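The values are calculated or read from the model by the stated rules, or taken from the named source; none is laboratory data. As the structure is a prediction and not an experimental result, all values here were calculated from the model. Glycine also receives a Cβ, built like all others from the backbone with ideal geometry; neighbour counts cover every protein chain displayed.
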Amino acid sequence: MNNMVNNMDKKNQKLLEVKDLRVSFFTPVGEVKAVGGISYDLNYGEVMGIVGESGSGKSVEAYAIMGLLQSPGKVVGGSITFDGEDVLAKSEKEMQAFRGNQVSMIFQNPMTCLNPVYTIGDQLIEAIRCHKKISKAEAREKSIEMLKLVGINNPERRMNQYPHEFSGGMRQRVMIAMGLICDPKMLIADEPTTALDVTIQAQIIELMKDIQQKTQMAIIFITHNLGVVAEICDRVTVMYAGKIVEQGNVEDIFYRPHHPYTMGLLRSMPRLDAEEYERLIPIEGTPVDMLNPPAGCPFGPRCEHCMKICLRREPPQIDLGNGHTAACWLLVDEAKRLAKKEETPNE
């Protein structure tokens with residue numbers, strides 16, 4: 001890939017910077033605050049998982065980055081900086097050049113994203129010629145090369161087939177090929193394995209890991225499946241009710257979780273390393289009504305550790321070290337203890 005060398009040179013440098021991003025949907029019954037002020041960075045070549053229940057704002061923030069928010073959705077605050085450029089300041093024409101060329105997105109259901117009346121080859125060729133000034137023959141060769149890369153056999157013949165002639169897993173591979181065909185610096189994968197059976201899910205995850213290692217592109221992997229996150233991601237962002245409740249590397253999130261919501265997600269997931277039978281424990285209660293969110297911690301009404309302050313005031317993000325943060329009032333004393341430990345010289 002053309003960007004591979006550049007991406008390796010810029011490893012550990014910021015590619016994407018999201019600051020206090022807020023997205024609302026203005027409906028006849030009121031304002032739905034789908035994303036309520038989230039901030040995170042993504043480095044070149046890094047894979048970050050964004051996890052949470054349905055309705056937590058995972059996909060909405062991705063659509064905001066891509067400039068694909070549908071009315072009545074609107075970015076009402078914050079900033080998105082990609083490779084030093086202000087994404088929110090771009091015109092629609094600039095965003096069309098930005099999408100696909102700089103950032104690509106794989107959507108949840110490939111059947112709704114592929115045009116049923118055009119061949120796979122025509123759609124791949126169109127995708128590359130929208131952004132690259134190359135001949136149709138060159139675009140066709142590039143398309144065949146990408147189909148080979150994503151593991152589709154007989155790509156020359158497959159180029160002339162229509163989406164309905166492909167299985168669900170093969171269609172998702174085509175979508176991955178389409179997302180990678182212009183050598184983007186970053187790929188957003190929005191629940192790319194949800195509609196697939198477990199065996200095909202494993203193949204798609206292995207494919208994406210392999211491609212990421214070859215191209216060194218950055219990936220935002222949106223999912224509700226923590227098992228998938230453990231397999232492919234470097235860092236994890238846990239979202240609930242439009243807010244980030246915990247962030248950290250994979251080891252911290254899986255082995256040292258600090259937010260009750262993260263712990264709840266982990267308890268509800270089966271573990272292969274369990275030494276004996278463990279009953280899965282669902283998170284009690286229902287998700288927040290985003291038209292009338294609570295004044296304090298959004299997870300407070302469902303939290304078994306909820307205190308009075310949790311219902312009145314939103315908790316701060318507590319720094320737990322090594323880039324691990326969590327927003328929970330239970331951790332305020334823990335943060336003070338860590339700070340005191342750093343101030344006290346080793347004896």
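Would you mind finding the one in 74, 93 that is closer than 28 Å to residue 35 by Cβ, in a helix (DSSP H, G or I) and charged (D, E, K, R)?
Just one listed residue meets the conditions, 93.
How about segment 154-201: which of its residues are of a type in the set (Lys, Arg), under 22 Å from residue 220 (Cβ atoms) and assigned to a helix (DSSP H, G or I)?
171, 173
Conditions tested, residue by residue: (1) closer than 19 Å to residue 45 by Cα; (2) modelled with pLDDT of 90 or more.
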{"position": "69", "(1), (2)": "no, yes"}
{"position": "76", "(1), (2)": "no, yes"}
{"position": "85", "(1), (2)": "yes, yes"}
{"position": "90", "(1), (2)": "no, yes"}
{"position": "95", "(1), (2)": "no, yes"}
{"position": "105", "(1), (2)": "yes, yes"}
{"position": "108", "(1), (2)": "no, no"}
{"position": "112", "(1), (2)": "no, no"}
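Looking at segment 35-52, which of its residues are crowded, with 18+ Cβ neighbours inside 10 Å and under 28 Å from residue 292 (Cβ atoms)?
Within segment 35-52, 35, 36, 38, 40, 50, 51, 52 meet the criteria.
Given the conditions (1) in a helix (DSSP H, G or I); (2) within 27 Å of the chain's Cα centre (by Cα); (3) on the phi < 0 side of the Ramachandran plot; (4) buried (at least 19 other Cβ atoms within 10 Å of the Cβ), and given that residue 80 satisfies all but one, which numbered condition is not satisfied?
(1)
Could you please give the count of residues in segment 116-133 that are at pLDDT 90 or above, assigned to a loop (DSSP other than H, G, I, E, B) and not aliphatic (A, V, I, L, M)?
Of the residues in segment 116-133, 3 are at pLDDT 90 or above, assigned to a loop (DSSP other than H, G, I, E, B) and not aliphatic (A, V, I, L, M).
List every residue pair whose Cβ atoms sit under 6 Å apart, with the two residues 6 or more apart in sequence or on different chains, where the first one lies in segment 181-199 and is over 22 Å from residue 123 (Cα atoms) and among the basic types (Lys, Arg) and the second, anywhere, is assigned to a loop (DSSP other than H, G, I, E, B) and modelled with pLDDT of 85 or more.
none
Return the residue satisfying two criteria in turn: it lies in segment 209-259 and is in contact with a His (Cβ under 6 Å, 6 or more places away or on another chain) and acidic (Asp, Glu), and of such residues it is surrounded by the most Cβ atoms within 10 Å (Cβ to Cβ).
The residue in question is 246.
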